[in-house]
Amino acid sequence: MQEFTTEVVETDLLILGGGMAACGAAVEAAHWAKKNGLKVTLVDKAAMDRSGAVAMGLSAINQYVGLKDGENTIENYVDYVRNDLMGITREDLVANIARHVDSSVHLFEKWGLPIWKDKDGGYVHEGRWQLMINGESYKVIVAEAAKNAIGADNIYERVFITEPLMDGDRCVGATGFSVRENKFYVFKAKATICAMGGAVGVFKPRSSGEGAGRAWYPPFNSGASAYFTIKAGAEMTCQEVRFIPVRFKDAYGPVGAWFLLFKSQATNALGENYMQTRRPELENWQPYGAVKPVPANLRNYLMMLDVMEGKGPIYMQTAEAIQKIAQSETDPKKAKKKLKELESEAWEDFLDMTISQAILWAATNIQPEESPSEIAAAEPYFIGSHSGASGAWVCGPEDIAPSEYFWGYENMTTVPGLFAAGDASGASSHKFSSGSHAEGRIAGKSAVRFLVKENLDNITYDDAVIEEIKSKILKPLGLFAETQDKSTQSDVNPNYILPKMFMMRMQKLMDEYAGGVTAQFTTSKPNLERALELLDLLREDSDKLGAKDLHELMRCWENVHRSYQAEAHVRAMLFREETRWPGYYFRSDKPGMDNENWKVFVNGKLNRGTAEWDFKKVPIVRVFGKERELEPVS
Ligand SMILES: Cc1cc2nc3c(=O)[nH]c(=O)nc-3n(C[C@H](O)[C@H](O)[C@H](O)COP(=O)(O)OP(=O)(O)OC[C@H]3O[C@@H](n4cnc5c(N)ncnc54)[C@H](O)[C@@H]3O)c2cc1C
């Protein structure tokens with residue numbers, strides 16, 4: 001095996017990830033760090049300009065509350081999030097983001113992001129909370145501001161973070177390796193913000209073989225946030241809450257503009273609108289079945305019932321929607337012009353953020369103004385910033401959080417010195433791109449406050465432990481180099497397992513036993529227990545991962561990270577003995593929602609000493625709406 005050098009970087013604040021939350025953290029932390037003479041360092045596995053979920057751009061900013069113009073209140077947003085998550089949400093965290101998110105959007109505009117304006121100069125809304133943007137360069141604009149704030153010398157791109165560095169129970173930095181040169185990195189830090197996104201590829205994707213790698217969620221994010229926080233010993237929350245987006249089939253194009261802006265309908269193959277024909281089913285999921293908008297998982301569920309009855313494929317009636325809007329113009333010339341406008345908006349919606357969907361439309365002769373397009377439920381993803389909720393359990397804001405949810409520094413996990421934001425922090429869904437940026441800013445400022453207020457001069461690092469981590473991380477390269485000649489073909493060898501095989505094994509077991517696409521998103525206690533047995537065997541084999549180069553070494557660690565997200569998910573679904581989010585997953589042995597026993601958070605923690613998981617119920621404290629009220633735990 002080739003030699004690897006070690007570079008040690010010492011800093012005050014370490015930001016892991018270069019996505020929306022990390023960029024927010026960088027901008028805010030740099031400001032406060034400068035005032036206090038502190039150093040801020042950021043590490044991204046990719047290049048910040050185009051990394052993370054916003055890499056390709058977006059066509060809408062999904063969280064804008066409009067506080068300045070009195071469009072909505074913070075409480076309105078909290079109500080929306082609570083209802084969409086079937087009652088399971090940290091209202092203090094959601095409110096904290098909601099009160100800061102507009103200022104992130106105003107910063108984006110100041111930095112050059114074109115936001116659509118109406119004739120009176122107001123923002124054009126896609127829906128109540130969403131703003132239309134020309135967002136092809138959204139990420140480039142946000143990254144530029146972050147880079148300017150902390151300076152190029154403090155940014156490490158194409159460095160893959162693997163393990164946390166610990167001093168007792170404190171997080172004191174991270175380790176990683178370059179994906180371009182033989183270099184191992186040790187980042188020593190007094191505070192660390194984890195913002196490495198969610199996880200894709202834990203479950204078998206719909207597109208395998210012919211379209212492997214195609215997914216709704218970006219391939220860059222592979223469970224690093226979950227792994228990092230779990231391994232640091234942080235309490236995790238909502239690990240059972242996965243997100244199943246219904247999107248245009250096979251290229252995962254967004255449906256938001258169609259449903260919200262064009263007011264399009266989705267129907268089964270018989271032309272029936274499942275949101276109407278299946279409406280009585282919503283009675284079984286009250287009070288959430290009665291709210292508007294109907295929670296995302298319930299909308300999914302009504303569609304899935306049609307699919308399970310053989311009434312698919314499901315279609316977005318694009319032609320009908322476009323024609324209806326165009327025909328609202330009585331003058332035929334104007335109607336024709338309007339039709340052209342709508343047609344280009346439809347294509348632009350994809351070209352802004354999911355180019356492959358436009359390519360698929362072109363390849364399959366789809367003209368949205370003439371024919372409908374198939375939509376389908378995707379495989380499960382972990383994205384705490386969208387309609388999922390999985391992530392670390394973090395401290396709330398002092399002025400809103402109930403005492404149960406407050407331990408000193410906003411967005412600090414239960415591990416001293418470790419903060420989380422964006423997809424990495426849990427129970428605060430629907431922050432999206434803008435809210436993740438705002439939450440990053442909150443975490444950045446809070447981490448600097450931690451650095452200033454706490455006495456952090458007594459941190460110790462154990463060189464032997466660092467060497468041990470280094471050899472563990474690089475082991476797959478050595479194993480491959482030493483044993484590749486022991487078979488005639490390097491991809492089939494009894495001495496090692498390649499990351500691709502490892503990933504497919506994990507995806508298959510999660511798909512079949514933990515409620516993936518093949519199992520119609522359905523699972524049960526015996527299935528989940530079987531998944532755990534198989535995950536255990538997979539974990540054993542992770543010690544035998546082999547990598548032929550740096551790229552494959554990254555793939556090895558991506559899949560180890562995913563396997564921890566997989567286990568946390570399976571254990572949390574097993575612990576929660578009810579079905580709360582049909583349409584995301586269904587427990588066939590516990591088919592109903594049980595508010596009396598399960599209207600609680602499910603929190604779990606990996607014991608760093610014993611490597612055993614502990615799960616518990618945590619009460620939901622209502623902050624808004626009704627009087628402050630503790631939801632009972634039994
Ligand atoms: C398909 C899709 C469509 C969306 N559409 C919209 C929309 O229309 N409007 C909207 O407002 N929001 C939308 N969102 C949500 C929005 O993109 C996310 O909420 C937001 O990007 C989350 O921010 P984050 O910083 O947590 O993660 P990300 O922005 O995804 O950033 C994660 C970062 O971590 C880095 N990273 C990952 N692993 C490692 C590692 N091991 N080491 C170092 N770095 C690592 C990545 O390279 C990346 O820089 C969409 C999301 C998806 C997936």
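Would it be correct to say that SER428 is of a type in the set (Ser, Thr, Tyr), touching a residue at least 60 places away in the same chain (Cβ under 8 Å) and open to solvent by less than 10 Å² (accessible area, probe 1.4 Å)? Yes: the conditions hold for SER428. Restricting attention to region 262-307, the residues that are touching a residue at least 24 places away in the same chain (Cβ under 8 Å) and more than 22 Å from GLY592 (Cα to Cα) add up to 10.
All but one of (1) of a type in the set (Lys, Arg); (2) open to solvent by 10 Å² or more (accessible area, probe 1.4 Å); (3) closer than 21 Å to VAL241 by Cα hold for LYS486, so report the exception by its number. With (1) of a type in the set (Lys, Arg); (2) open to solvent by 10 Å² or more (accessible area, probe 1.4 Å); (3) closer than 21 Å to VAL241 by Cα applied to LYS486, the lone miss is (3). Of the residues that sit in region 280-304 and are open to solvent by 60 Å² or more (accessible area, probe 1.4 Å) and part of a helix (DSSP H, G or I), which one is modelled with the lowest pLDDT? Out of the qualifying residues, it is ALA290.
Entry remark, region 161-183: residues being under 19 Å from GLY478 (Cβ atoms), open to solvent by less than 30 Å² (accessible area, probe 1.4 Å) and either part of a loop (DSSP other than H, G, I, E, B) or more than 14 Å from the ligand (Cβ to nearest atom) (or both) number 1 in total.
Might you let me know whether region 398-411 holds any residue that is touching a residue at least 12 places away in the same chain (Cβ under 8 Å), within 14 Å of the ligand (Cβ to nearest atom) and within 30 Å of ALA514 (Cβ to Cβ)? The answer is yes, given that some residue of region 398-411 is touching a residue at least 12 places away in the same chain (Cβ under 8 Å), within 14 Å of the ligand (Cβ to nearest atom) and within 30 Å of ALA514 (Cβ to Cβ).
If you filter region 458-470 down to residues that are open to solvent by less than 70 Å² (accessible area, probe 1.4 Å) and in a helix (DSSP H, G or I), you find that the one that is farthest from LEU553 (Cα to Cα) is ALA464.
Residues considered: LEU113, LEU107. Of these, the only one that is at pLDDT 95 or above, within 15 Å of the ligand (Cβ to nearest atom) and not in a helix (DSSP H, G or I) is LEU113. Among the residues of region 14-47, those that are surrounded by fewer than 24 Cβ atoms within 10 Å (Cβ to Cβ) and within 10 Å of the ligand (Cβ to nearest atom) comprise ALA46, ALA47. Take the residues in region 140-160 that are open to solvent by less than 10 Å² (accessible area, probe 1.4 Å) and part of a strand (DSSP E or B), then tell me which one is farthest from the ligand (Cβ to nearest atom). My answer is VAL159.
Every residue, every condition in (1) farther than 18 Å from TRP581 by Cβ; (2) touching a strand residue (DSSP E or B) at 6+ places or on another chain (Cβ under 7 Å); (3) open to solvent by 70 Å² or more (accessible area, probe 1.4 Å); (4) free of Cβ contacts under 8 Å to residues at least 24 places away in the same chain, yes or no:
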residue: MET501; (1), (2), (3), (4): yes, no, yes, yes
residue: MET506; (1), (2), (3), (4): yes, no, no, no
residue: LEU509; (1), (2), (3), (4): yes, no, no, no
residue: GLY516; (1), (2), (3), (4): no, no, no, no
residue: THR522; (1), (2), (3), (4): no, yes, no, no
residue: LYS525; (1), (2), (3), (4): no, no, yes, no
residue: ARG530; (1), (2), (3), (4): yes, no, yes, yes
residue: LEU534; (1), (2), (3), (4): yes, no, no, no
residue: LEU538; (1), (2), (3), (4): yes, no, no, no
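On the stretch given as region 61-83, residues that are on the phi < 0 side of the Ramachandran plot and open to solvent by 10 Å² or more (accessible area, probe 1.4 Å) total 14. Exactly one residue among ASN76, ASN96 is in contact (Cβ under 8 Å) with a residue 12 or more places away in the chain and either more than 20 Å from GLY422 (Cβ to Cβ) or not in a loop (DSSP other than H, G, I, E, B) (or both), and that residue is ASN96.
The values are calculated or read from the model by the stated rules, or taken from the named source; none is laboratory data. These numbers were taken from a predicted model, which means no experiment stands behind them. Positions of Cβ are generated from backbone atoms using ideal geometry, with glycine treated the same way; all protein chains shown enter the neighbour counts. Accessible surface is based on the protein model in full, side chains and every heavy atom, while ligands, DNA and RNA are left aside. Shrake-Rupley method; radii C 1.70, N 1.55, O 1.52, S 1.80 Å.
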